[in-house]
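The values are calculated or read from the model by the stated rules, or taken from the named source; none is laboratory data. This is a predicted model, so every value here is computed, not measured. Cβ: placed from backbone, ideal geometry, glycine included. Neighbour counts: every protein chain shown. SASA here: full protein model, heavy atoms, side chains in, ligands and nucleic acids out. Shrake-Rupley method; radii C 1.70, N 1.55, O 1.52, S 1.80 Å.
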Amino acid sequence: CPITMFWKFDLNTTSHVDKLLDKEDVTLQELMDEDDILQECKAQNRKLLDFLCQQHCMEELVTLITHEPPLDMDEKVRFKYPNTACELLTSDVPQINDKLGGDETLLNILYDFLDHEPPLNPLLASFFSKTIGNLIARKTEQVIAFLRKKEKFISLVLKHIDTSAMMDLLLRLISCVEPATLRQEVLNWLNEAKIIQRLVELIHSSQDEDRQSNASQTLCDIIRLSRDQSNQLQDIPEPDPLLTALESQECVEQLLKNMFDGEQTENCIVNGTQVLLTLLESRRSGVEGLMDSYTQGFERSYTVNSSILHGIEPRLKDFHQLLLSPPKKTAILTTIGVLEEPLGNARLHGSRLIAALLHTNTPSINQELCRLSTMNLLLDLFFKYTWNNFLHFQVELSIAAILSHSVQEVKTTTNDTENKEEVLNGNVATENVETPENNPENIMVTHLFQKCCLVQRILDAWEANDKIQAEGGMRRGNMGHLTRIANAVVQNMEKGPMQTQISEFIKELPEDCRGRWESFVEETLTETNRRNTVDLVSTHHLHSSSEDEDIESAFPNELSLQQAFSEYQIQQMTANFVDQFGFNDEEFADQDDNINAPFDRIAEINFNIDADDDSVSGYLGIFCRTDSSNLVLIVLIQIICNHLARQKILDKFGASQTSESSSKSDLENGDHDGSVDSEEEEETEQQPPPSSASKSNTPEQKDSDSSEG
């Protein structure tokens, strides 16, 4: 029979744009109606570029992105031509860049967009910002010279700062100018125009929320960009004037004055605090670095300018008062009921700032916080708002920061028994450390344990939660963070450099409280940690050793296997799944020789399953509840059935699964005679009976488990 061939590709290389350009009366709009005009432009079609770079065409393109299209147009196509015009102007074609960046008439048409009254159309503003930004990167000297001649440029940009595109334009001026000498000139120009001070003035309760928010975000981005570029360009002869202005004590004081003097609004306090938090960030990490130091031995790399701290310190009383009486908020409905007095974003940001300040380990700030008893207030909020995990995390960070003061100082001084000079936070200090009282930072540790009664609060909260749960209520939402705080106290008391001082605090507790704490640490906290460290699912090896098999799992094996299979299903969506599983082209090359080739890798999947007669239907039920149309699923069920049949044969001949897994573990560890496990069993039998918290690991239980096998 005849064969019909369908060719996929059209070999005709002439585009419709070229045909239109051959017409004498072709218009720009006709060309912009063509779908491939952008492709032809980026391919640098000579006829098209010559047409677009004509003066009247360039003026029409710039006008399209700076003027509102007619209101009577269909909304679906109203911004079609402005969008296409913007894509053509920013296509990064040298001929278009040269024409637009070198023609002052075109630049003036573009600049006139800033003279429009606010609010600007956000879409047109994005077209304007993108076009100017592209010119700043490609025709830097010409565009910067043009903008510097416009005296009102900075004022107009700040006038429209409520539009995020204007914020992007400012950041492009700071980050996209090269070479370094020209960038320094631009920074000096912006600094002379007092751009930082004017942005700070916008963070005020009298300004609308969008202006405050964008001004705050701009300042935060300037700080991060300036610090990053200062670290990358080490050979800069002059410091960054914008960063210097932001880190000055005068700037910090003005920002705090705007936040707290006069009417206090949550929006102003939040936006101002975000700037302060950015100033207090490490040059390598942000607030997340606090938690990293908590879990990685309190290693810090903070280089906070002292002028920032000097500006904040007198206003600590305002932040303390903010935590006590924030701006009024209406009651809100939550999943646990009506919250009459919400914590609020202002207090949350206040707690974030306290955590960041504690991490700087500044003696004068520590003393002021102790005088105000701010940590005591934070703990009050921690236990009052039991479902606000954002707050719980900040309180945990604050306690971690206080412990890091002591740990770091003692670590520094215990290696320096001859009272050598040490560099602490960038300052050289000589300290005699014969007693803890000589360390000024230890005042925070004393305050935490004695004034804030941290241990008593942990015990009271834990007992209250146990009572609620015993009555059928829900576990409180702060118990996870409370567990971590309790563990931090125990760890520093047992093996931390401050263990002597913390132990003294524990000994000074009333006798009944001390007994409750010791019982809590030995029993309740230990059992909680054991439950929290249970490996819920291990897809690689569901049981790591024979001893693990003897421990009564907190979850049925069926749930573990179901979770493992769920993770396998998720794996199907990953990018490298095709390389690991399924079919490839080579497997279809010789189907007659090996019809089972596509399933070779499937057969290599290993499951470690505790098999018995009762569990067979359970395992099959788990998989059959999923999509039965999946071919892989059918193969997996077959593998499991084969494994169960094999396991039953082994059991019939007296080979228990426990001994099999033990032998396998011995072989993997290079122990061919199994002597290690036998020694461990003998040692276990000689041990005294453990407490009730670990009854599942008793020798009697171990023997019964083996006999059942």
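In whole angstrom, and with the biggest value first, how far do the Cα coordinates of region 295-408 range along each principal axis?
Taking the Cα atoms of region 295-408, the three principal extents are 43, 32, 21 Å.
Using C-alpha positions alone, give me the convex hull volume of region 14-193 per residue in cubic angstrom.
Measuring per residue, one finds 116 Å³ for the Cα hull of region 14-193.
Which value, in debye to the nearest 20, gives the size of the charge dipole of region 14-193 about its Cα centre, when Lys and Arg are +1 and Asp and Glu are -1 at the Cβ?
Charge dipole of region 14-193: 720 debye, to the nearest 20.
So for region 41-105, what are the equivalent ellipsoid semi-axes in whole Å, largest first, each being the square root of 5 times an eigenvalue of the Cα gyration tensor?
23, 13, 9
Which value, in Å to one decimal place, does the Kirkwood hydrodynamic radius take for region 162-252 when every pair of different Cα atoms is included?
For region 162-252, inverting the mean 1/r across all distinct Cα pairs yields 13.6 Å.
Tabulate in residue order the Karplus-calculated ³J(HN,Hα) for region 176-188, using 6.51 cos²θ - 1.76 cosθ + 1.60 with θ = phi - 60°, rounded to whole Hz; enter x for Gly and Pro.
Karplus-based 3J(HN,Hα) across region 176-188 equals 9, 8, 9, x, 4, 5, 5, 4, 5, 5, 5, 5, 5 Hz.
³J(HN,Hα) across region 147-152 via Karplus (A = 6.51, B = -1.76, C = 1.60, θ = phi - 60°), whole Hz, x for Gly/Pro?
Rounded to whole hertz, the list is 5, 5, 6, 8, 5, 8.
What translational D, rounded to a whole number of µm²/s, comes out for region 84-156 from Stokes-Einstein when the hydrodynamic radius is the Kirkwood one over Cα pairs, at 10 °C and 1.306 mPa s?
125 µm²/s
Between residue 384 and residue 68, 0.36 nm times their residue separation minus their Cα-Cα distance comes to what?
Result for the pair: 108.5 nm of gain on full extension.
Take 373, 282 and sort them by solvent-accessible surface of the protein heavy atoms, 1.4 Å probe, largest at the top.
Result of the area sort, largest leading: 373, 282.
Name the residue from 338, 375, 392 whose Cα lies farthest towards the positive end of the charge dipole of region 305-416, charges +1 on Cβ of Lys and Arg and -1 on Cβ of Asp and Glu.
The one lying farthest along the dipole's positive direction is 338.
With θ set to phi - 60°, apply the Karplus curve 6.51 cos²θ - 1.76 cosθ + 1.60 along region 352-365 and write out the HN-Hα couplings as whole Hz, x wherever there is a Gly or Pro.
Along region 352-365, the couplings run 5, 5, 4, 4, 5, 5, 4, 6, 6, 6, 9, x, 5, 5 Hz.
At a threshold of 8 angstrom on Cα-Cα distance, excluding pairs fewer than six apart, so keeping six or more, what relative contact order does region 112-192 reach in percent?
38 percent
If contacts are Cα pairs under 8 angstrom and at least 6 residues apart, what is the relative contact order of region 14-193 in percent?
Value for region 14-193: 19 percent.
Report residue 443's accessible area, 1.4 Å probe, all protein chains in place, as a number in Å² to the nearest 10.
So the heavy atoms of residue 443 present about 70 Å² to solvent.
Expressed in nm to one decimal, what extension gain is obtained for the pair residue 145 and residue 522 from 0.36 nm per residue of sequence separation less their Cα-Cα distance?
Extra length available between residue 145 and residue 522 comes to 128.5 nm.
Which one of 110, 63, 188 has its Cα pushed farthest toward the positive end of the charge dipole of region 14-193, where Lys and Arg give +1 and Asp and Glu give -1 at the Cβ?
In region 14-193, that residue is 188.
With a 1.4 Å probe and every protein chain left in place, tell me how much accessible area residue 111 has, in Å² to the nearest 10.
The accessible area of residue 111 comes to roughly 20 Å².
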